[in-house]
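Notes to accompany the following structure.
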């Protein structure tokens, strides 16, 4: 696997000089996506309780709705409704509000408030799947009915419904939204896999129903009110799912938007959100170890890709794994929101470093001398998603250790007079290191992090990670890893620009947004299905991108844009 400079941010395709998308182009793309869902994914039968239901999968070759009774099939409609809310407040496009109020929103309100009559359970329950006989399984079998307790529904579905109700409630004009949120919060927990009540549901009810008691209980529990370094969901010291971290960031954003103006967004929140989105993007790049990753695609749809000291697996481990349409477009949406936050809180990205650790030697994506580390002889360092990069004159000895209490990870990197480099970890196990002589007589060393597939255990670096380093047995000093804000902004903008172009081409070439994208030698059986989730997150991403290109803020629009009853 080639590390070196291939994954350096500067090695990625150049950002276009001109505005990549016009507002007219974005609106046309969003409308095309929305029209497809209306024509093919939505049940339209005023006499049926399923009127307005968004079917997760549609199979173009035979015009069938397809159901997998072992999966959550109704979150996609909630995502689509949520996307229509975000898109309407971004553009004021009447069609988005019209579709929202005619189909998915009344459907979910009807199901949540009437689940006692529809399914014989308490109010506040939405099943994982529901078919009146019009849908089939993937092998052509008939499907009728709905999932039964105790695994009738899940907190994951409830969270998606809660996010939809938050966005719909902020548009105003529908008293049923608050009623549905209250029912959802008080639903029969025996029907759920998890008996706990997610905080976002409490926040949704507290704000939409103006419940001051519940507000007092919930708002104090909201995360990201402060920032003290990379100890969150994407820290290398904690095992977590990359997809779960991104979804958590998006739902937390919804909560913060809803609780305005009593609890306005802050620089600390902005830092957390931007770092989560940007790190997710970099991990996707690192995972794709067989080449440059296509913007807009991530491996997180159908796999619980965990992180800790390493990723659970890499692209080279599963070359036949297809890409799905959910988390790649979700990342695009997050990137657009992160860009808005960077503009609104310009000092947030570097604030923690400047206020608390300015004495540390900063390591960014650009090579820079670190005089605090090398009192004699120049030492330059940089980093990318996969590796530590060092430029130095020989001989050289660098010792690195974690600054985290209880973490014994460390390494020693040596360069002798002949230009030969070696690296060993704390257990004296050799580490992979690549050297390249430079014209000025110095040597460039590339030491892949633990997170890189072929490397042994030593250290990882993420945004705001801190190490202790020692040069030639001298005085230890701190290292802080932090990308430059202009690089973060350019990389996020490139991801959403190129990502939307990619999905526009997929939609044009295939005639739909497929449930699976086959790349290389891989084959995606799901590519015969149109997937409602892809349309939802692409429409949401288009809306948020439009907001950023207009120099606006989504959270400010959420307080201003009200739809007529």
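The values are calculated or read from the model by the stated rules, or taken from the named source; none is laboratory data. Because the structure is a prediction, the values reported are computed rather than measured. With ideal geometry, Cβ positions are generated from the backbone for all residues, glycine too; neighbour counts draw on all protein chains shown.
Looking at the range 37-150, what helices (runs of 4 or more DSSP H) fall wholly within it and have at least 1 residues that are closer than 26 Å to residue 202 by Cβ and free of Cβ contacts under 8 Å to residues at least 60 places away in the same chain? Spell out how you get there, then give the answer.
Details: elements: 75-91, 94-102, 104-119.
Correct list: 104-119.
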Residue count, the range 153-177 (criterion: crowded, with 19+ Cβ neighbours inside 10 Å and in a helix (DSSP H, G or I)): 16
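Residues are listed down the side, and each one gets a yes or a no for (1) in contact with a strand residue (DSSP E or B) (Cβ under 9 Å, 6 or more places away or on another chain); (2) without any contact (Cβ under 8 Å) to a residue 24 or more places away in the chain:
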| position | (1), (2) |
| --- | --- |
| 330 | no, no |
| 343 | no, no |
| 348 | no, no |
| 352 | no, no |
| 355 | no, yes |
| 364 | yes, no |
| 371 | yes, yes |
| 381 | yes, no |
| 386 | yes, no |
Those residues of the range 141-171 which are within 24 Å of residue 190 (Cβ to Cβ) and under 22 Å from the mean Cα position of the chain (by Cα), in sequence order: 154, 155, 156, 157, 158, 159, 160, 161, 162, 163, 164, 165
Strands (runs of 3 or more DSSP E) contained entirely in the range 384-475, each with at least 2 residues that are over 29 Å from residue 354 (Cβ atoms) and out of contact with any helix residue (DSSP H, G or I) (no Cβ under 6 Å at 6 or more places or on another chain): 396-402, 410-415, 421-425, 434-437, 443-448
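Restricting attention to the range 298-328, which residues are closer than 13 Å to residue 534 by Cα and either part of a loop (DSSP other than H, G, I, E, B) or without any contact (Cβ under 8 Å) to a residue 24 or more places away in the chain (or both)? Walk me through how you get there before you give the answer.
Step one: of the range 298-328, the residues closer than 13 Å to residue 534 by Cα are 298, 301, 323-328.
If the condition is that a residue be closer than 13 Å to residue 534 by Cα and either part of a loop (DSSP other than H, G, I, E, B) or without any contact (Cβ under 8 Å) to a residue 24 or more places away in the chain (or both), then 298, 301, 324, 325, 326 are the ones that fit.
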Residues that are over 15 Å from residue 313 (Cα atoms), without any contact (Cβ under 8 Å) to a residue 60 or more places away in the chain and not in a helix (DSSP H, G or I), drawn from the range 270-293: 291, 293
Any hit, the range 469-486, residues being surrounded by 15 or more Cβ atoms within 10 Å (Cβ to Cβ), modelled with pLDDT under 95 and within 30 Å of residue 549 (Cβ to Cβ): no
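Out of 526, 493, report the one residue that is under 19 Å from the mean Cα position of the chain (by Cα) and either part of a helix (DSSP H, G or I) or under 29 Å from residue 463 (Cβ atoms) (or both). Before you say what the answer is, go through the steps one by one.
Details: 526 fails: under 19 Å from the mean Cα position of the chain (by Cα).
Sole residue among the options that is under 19 Å from the mean Cα position of the chain (by Cα) and either part of a helix (DSSP H, G or I) or under 29 Å from residue 463 (Cβ atoms) (or both): 493.
Pick from the range 476-486 the residues that are in a loop (DSSP other than H, G, I, E, B) and within 27 Å of the chain's Cα centre (by Cα): which of them is farthest from residue 412 (Cα to Cα)?
Here is the first cut: in the range 476-486, the ones in a loop (DSSP other than H, G, I, E, B) are 476, 482-484.
Next cut, within 27 Å of the chain's Cα centre (by Cα) only: 482-484.
Values: 482: 22, 483: 24, 484: 27 Å.
Selected residue: 484.
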